Structure formats: structure tokens, C-alpha cells
Amino acid sequence: MFPEEEEPDNDTSLHDGRIRSFKHERGNWATYVYFPYPPDEDFMELLEELLEVAGARGVLLTQQREFHLSVSQTVVLKHHWIQPFTESLKGSLTSCKRFVCSAGSLRVYSNAERTRTFLGMEVSAGHAQLAEIMKMVDKTMIEFRLDTFYKDPSFHVSLAWCVGDFTAQLKECLKELQGLVDHHEEGAFLLTLDCQELRCRAGNKTFSFPLQS
């Protein structure tokens with residue numbers, strides 16, 4: 001059901017210069033749980049403006065290849081754990097209902113190692129529902145003795161990133177960037193995410209879990 005496939009090695013040129021948080025080993029699969037965000041034209045236009053202004057202020061950001069809202073940390077699964085892990089997730093989510101969340105405030109994030117800096121849009125509505133989903137995901141993480149999500153999570157959609165710790169520089173121009181969001185074309189831009197389907201990515205495998213209507 002799950003053929004053995006190799007993930008890319010540690011060559012940073014294969015990951016846009018990003019540095020792995022953990023060493024890649026054969027049979028270890030980087031895994032995380034998330035809601036996908038399909039961008040629309042309005043969002044992409046705003047993002048282009050944000051990157052342009054940040055670049056003019058000395059922070060050269062690269063937009064995310066795809067956009068999502070994480071409800072788990074990135075953990076390492078052994079190959080033979082993938083099937084029972086996803087089955088456990090499916091069982092935990094059986095009573096979870098679909099909902100909508102929204103985000104409109106920009107925030108600066110960095111990874112624990114301070115090797116990457118992110119510009120994200122933080123959730124303002126739907127936090128309680130996301131917290132419930134997170135609890136269900138955490139149950140599976142605990143079952144497999146993996147790290148649970150953060151204690152006081154800032155649910156967000158990452159928009160762009162850069163290598164290195166540019167937290168201070170990005171925060172310096174955050175007010176200007178937020179102005180672009182608040183006065184985008186005819187009014188404030190609000191990122192709306194229809195949380196119909198939770199996904200789990202393990203290496204190059206993606207598993208979908210539709211929520212109840």
C-alpha cells in the first residue's frame with residue numbers, strides 16, 4: 001500500500017537553500033497535518049505587493065510554493081508507522097465538523113533554530129475550532145510518542161520566507177506591510193479558509209480527511 005520511496009537528501013540546493021531541522025535518514029518521513037489554502041488572484045496580487053515592499057526594505061522573501069495552515073509540528077515518522085498513524089488520525093476526526101476561519105493580521109515567525117524567517121497571516125476567527133482539531137491531532141501524536149503542537153498556538157498561513165534570522169528587519173516594516181493588507185484595493189483584505197478537509201503529508205504522500213458537513 002505504501003511503496004518505499006526515497007526523499008531528497010540534505011543538499012540545500014534541492015530545498016531552495018533551506019536547512020533541515022533534522023537530518024534526513026532513509027526510512028524517516030517528515031510529516032505534518034494541515035488545512036490547504038488555495039490562493040485566489042486577489043491574494044496573489046497582495047502577496048506580490050508585500051514581497052516588493054519587504055524587498056525594498058532589505059528583506060528578500062520567497063513566496064511559499066503552496067499555502068496551508070498547520071495544526072501540527074513537523075515530526076518524523078518511520079515508514080511502517082504511516083498507515084497506523086493516518087488510521088489513528090482518521091478515527092480521531094470522525095466527529096469533527098467543517099468550519100470557516102479567517103486571517104487578516106500579518107505576523108513575523110521564525111523556526112526554533114532561527115535559520116528561517118517567515119511572514120504569516122494570523123487567524124482572527126475560527127481559533128476555537130482549530131484548537132479542537134489540534135487536540136484531536138495531538139491525541140494521535142501522543143499515541144505515537146511524537147511532539148504535540150505548541151501550547152499557545154498562533155494559527156496562521158505562511159505567506160513567504162527567507163533563509164536566516166531577519167525577524168527584527170521584517171518587524172521594522174511590518175506596520176507598512178499591514179497597511180497594504182488593510183487598504184488593499186477597495187478595502188481590507190481578509191484571507192478566508194474553508195476548512196472542509198484536513199490533510200496529512202508524510203514525505204511525498206498526502207492523505208485527506210474530509211470533515212463532517
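The values are calculated or read from the model by the stated rules, or taken from the named source; none is laboratory data. Quick caveat: nothing in here was measured; it's all calculated off a predicted structure. Positions of Cβ are generated from backbone atoms using ideal geometry, with glycine treated the same way; all protein chains shown enter the neighbour counts. The area values use the complete protein model at the heavy-atom level, side chains included, leaving out ligands, DNA and RNA. Shrake-Rupley method; radii C 1.70, N 1.55, O 1.52, S 1.80 Å.
Observations on the structure shown:
- Calculation over all alpha carbon pairs of the stretch 138-213 in 5 angstrom steps from 0 returns a P(r) of 3, 9, 10, 17, 20, 13, 14, 10, 3, 1 percent.
- With all protein chains modelled, accessible area of residue 79 [1.4 Å, Å²]: 40 Å²
- Beta bridges from DSSP with both residues in the chain: antiparallel share about 100 percent, rounded to the nearest 5.
- The label-point distance for residue 124 and residue 94, in a model that sets each label 7 Å from Cα toward Cβ, rounds to 3.8 nm.
- Per-residue SASA entry for residue 136, accessible area with 1.4 Å probe, Å² rounded to 10: 40 Å²
- CD proxy at 222 nm, helix term only [per DSSP H run n ≥ 4: -39500 (n - 2.57); per residue of the chain; nearest 500]: -8500 deg cm²/dmol
- The label point for residue 188 and the one for residue 167, both projected 7 Å from the Cα toward the Cβ, are 2.6 nm apart.
- For the stretch 34-42, the Karplus equation 6.51 cos²θ - 1.76 cosθ + 1.60, evaluated at θ = phi - 60°, returns couplings of 7, 9, x, 10, x, x, 9, 5, 4 Hz by residue, with Gly and Pro reported as x.
- Sequence-distant residues sharing a close amide H with residue 160 (under 5 Å, placed H): 64, 119
- Amide H contacts of residue 195 (H built 1.01 Å from N, under 5 Å, at least 5 apart or other chain): 99, 100, 101
- The alpha carbon gyration tensor of the stretch 17-139 gives principal lengths a ≥ b ≥ c with a/c of 1.5 or higher and a/b no greater than b/c, which makes the shape oblate.
- Computed E for residue 152/residue 132 - FRET, C-beta separation, R0 25 angstrom, nearest 0.05: 0.95
- Dipole in debye (nearest 20) - the chain, about Cα centre, beta carbon charges: Lys, Arg +1; Asp, Glu -1: 1000 debye
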